[in-house]
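Colleague: Take a look at the following structure, please.
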Amino acid sequence: MKFKLLLFCSFWMLVFAVSCNKDEISFDAPSQELSFSRDTVFCDTVYHQVRSETYAVKVYNNEDKDIMIPKINLEKGSASLYKINVDGKTGHEFTNVPLRAKDSLYIFVEIAPQATGPEAIAEDRVIFTSPAGKQHVTLFSVVQDAEFFIQTPSNPNILTNNTTWSNNKAKIIYGNLTVDQSVTLNIQAGTKVYFHKNSGMKVAAGATLNMNGTQADQIIVRGDRNDTYYDTIPKNWNSIKMEAGSLLNMNHTRLFGGTRGLDLKQSTATIKNSFIHTFQEYGIYAVASTVTANNLVMNNCGESAIGIFKGGNHSYTHATIANYSGTMGSLNRMGIFATNEWKNDSGQTEQGALQNLSILNSIVYSDRDNSISFEQTPGQQFQFLIQNSSIKYAGASGAGFTFDNNPMNVIQSYKNEDPKFTNYFIAQMNLRVKADSPARNKGAVSIAATVPTDIVGVTRTSNVTLGAYQ
């Protein structure tokens, strides 16, 4: 009985003590400025009426006392395109927000804007008002008007008539978009094409895709996540698949961030003044196809920048084909891989002649021992020419190529001479070569005359530099 009485008394004494401690908590006005995890929130590019992801800012109380922040609000109030969440509540203004000593709280930010033009800047500030003064965190986002192409069970998402996309609205693709047989899709300069995760484009047999960018207004093709983190990682979307008999014309286009870039099957592609980079597998995956490329820059592809299967006909003139990666270091990361064979969807091996592979006034380089790998199938034609080019090559990389023993196939070319790129890391990708690069003055003038200006319009008729940049 005494024990039960003692336990009963102890319980109520504990409750009383806790109640007293709770009542003793007091929140004072701040006497020092707050600190923040960041002073500016750069939100992902957002599209008309599409809510952004949520971003977080941490607010720190550096004082040795509990404080009450008198006011936290968006500067533009209810007219703001942004919303903030403070202490689990969403709105535009909050008063008397408690923050314990040496503690922190999260403020969550998102934006769901109304676009007023092709592209605009949405800016606001989160204001913190206290006796210590006014402080703020800037909110910043690019807002784009957009046109959506969404595949659903009732909408196969097929372009059945000749279509032109202008740059007045971004194009956002959910699922797969198909350019129907014999249909032409023209994409005008400055247009931005965004693919949602696991989305892509298919250009059907006999269809044509024209990507008509200019030096001043590139076409951008990428995933729909636009913050800088997603500029440097692959697999944000699938690929552009070109079916048998389809045609691609691509000029001044930047294509990046997917699983495969151009997925060509018995199709024809003409590529000029373009960038293809950051793909999980291949930048160009070509099966029995024809590719003619001038002033092409490639980098950061997991298996190979260019994969040539079942032969075909390929010409790369003044191309800079690099392969350096901080995120895909365990993969093969070749510059060019070529073979006569290809496994079809049924797992059967098909063969075809490599009628031509010309690498002219170009650079094919990486941090791997071999930037090229050729696998010739016995009895199959495998015709290649490397002329006035710089190649990373350490030894025999396949049954069809030995750099030193092919005087008819390797002409006036150079192996293992570091081209000295300005910066090959993908976040600052600048594949120009430095002033003391061994790639300078090594190009054939006769070859340069076929592509007389470089990727940024500089004349290259004399003192010819290898690669896409003069």
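The values are calculated or read from the model by the stated rules, or taken from the named source; none is laboratory data. Computed from a predicted structure; not experimentally measured. Reconstructed Cβ throughout: ideal geometry from the backbone, glycine too, with neighbour counts over all protein chains shown. Just so you know, the surface numbers come from the protein's heavy atoms only, side chains and all, with ligands and any DNA or RNA stripped out. Shrake-Rupley method; radii C 1.70, N 1.55, O 1.52, S 1.80 Å.
Colleague: Over the chain, what is the percentage of antiparallel beta bridges among all DSSP beta bridges, to the nearest 5?
Modeller: In the chain, approximately 30 percent of DSSP beta bridges are antiparallel ones.
Colleague: If the chain between Asp28 and Thr54 were fully stretched, how many nm would it gain, using 0.36 nm times the residue separation less the Cα-Cα distance?
Modeller: 6.3 nm
Colleague: Normalising by the residue count of the range 333-470, find the relative contact order in percent from Cα pairs under 8 Å and 6+ residues apart.
Modeller: Relative contact order of the range 333-470: 20 percent.
Colleague: Something else now. Just want to confirm a number: the relative contact order over the chain, from Cα pairs under 8 angstrom separated by 6+ residues, in percent.
Modeller: Over the chain, the number comes to 8 percent.
Colleague: Moving on to the next point. Against the longest alpha carbon principal axis of the chain, how many degrees, from 0 to 90 and to the nearest 10, is the axis of helix 2-24 turned?
Modeller: Between helix and principal axis, roughly 70 degrees.
Colleague: How much length is gained on full extension from Phe140 to Lys235, taking 0.36 nm per residue of separation minus their Cα-Cα distance?
Modeller: Gain in length upon complete extension: 31.6 nm.
Colleague: Rounded to whole Å, give me the distance from the Cα center of the range 353-377 to that of the range 85-109.
Modeller: 58 Å
Colleague: Another one. Can you pull a Stokes-Einstein diffusion coefficient for the range 349-440 at 4 °C (1.567 mPa s), Rh from Kirkwood over Cα pairs, as a whole number of µm²/s?
Modeller: After rounding, the answer is 90 µm²/s.
Colleague: Grab the eigenvalues of the alpha-carbon gyration tensor for the chain, scale each by 5, take roots, and send me the semi-axes largest first in whole angstrom.
Modeller: 56, 26, 24
Colleague: Quickly rank 342-348, 245-251 as a protection proxy: mean count of other C-beta atoms within 10 Å, highest first.
Modeller: Descending packing order for the listed peptides: 245-251, 342-348.
Colleague: At a 10 angstrom cut-off on C-beta neighbours, averaged per residue, how do the peptides 51-57, 266-272 rank from highest to lowest?
Modeller: Listed from highest to lowest mean packing, they are 266-272, 51-57.
Colleague: Something else now. Quick one: of Lys76/Lys102; Lys89/Lys171; Lys169/Lys235, which pairs are farther than 28 Å apart, Cα to Cα?
Modeller: Among Lys76/Lys102; Lys89/Lys171; Lys169/Lys235, the Cα-Cα distance tops 28 Å for Lys76/Lys102; Lys89/Lys171.
Colleague: Same structure again: Determine one quarter of the surface area of the Cα convex hull of the range 134-190, which equals its mean projected area, and express it in nm² to one decimal.
Modeller: 6.4 nm²
Colleague: Using only the Cα atoms, what convex hull volume per residue in Å³ does the range 48-130 have?
Modeller: Expressed per residue, the convex hull around the Cα atoms of the range 48-130 is 90 Å³.
Colleague: Over the range 226-356, one equal point on each Cα, no solvent: what is log10 I(q)/I(0) by the Debye formula at q = 0.19, 0.23 Å⁻¹?
Modeller: Summing over Cα pairs of the range 226-356 leads to -1.05, -1.47.
Colleague: Using 11 Å as the cut-off for backbone N distance, which residues of the range 200-229 belong to the label zone defined by a point 7 Å from the Cα of Leu331 along Cα→Cβ?
Modeller: none
Colleague: Further, regarding this structure: May I ask you to give the percent of accessible area on the range 24-171 that is carbon plus sulfur, with a probe radius of 1.4 Å?
Modeller: 46 percent
Colleague: Right, next: If R₀ is 30 angstrom, what is the calculated FRET efficiency for the pair Asn198 and Ile158, using the beta carbon separation as r and rounding to 0.05?
Modeller: Working from the Cβ atoms, E equals 0.95.
Colleague: Taking only the alpha-carbon atoms of the range 155-301, what semi-axes of the equivalent ellipsoid follow from 5 times the gyration tensor eigenvalues under a square root, in whole Å, largest first?
Modeller: Over the Cα atoms of the range 155-301, the ellipsoid semi-axes are 20, 17, 16 Å.
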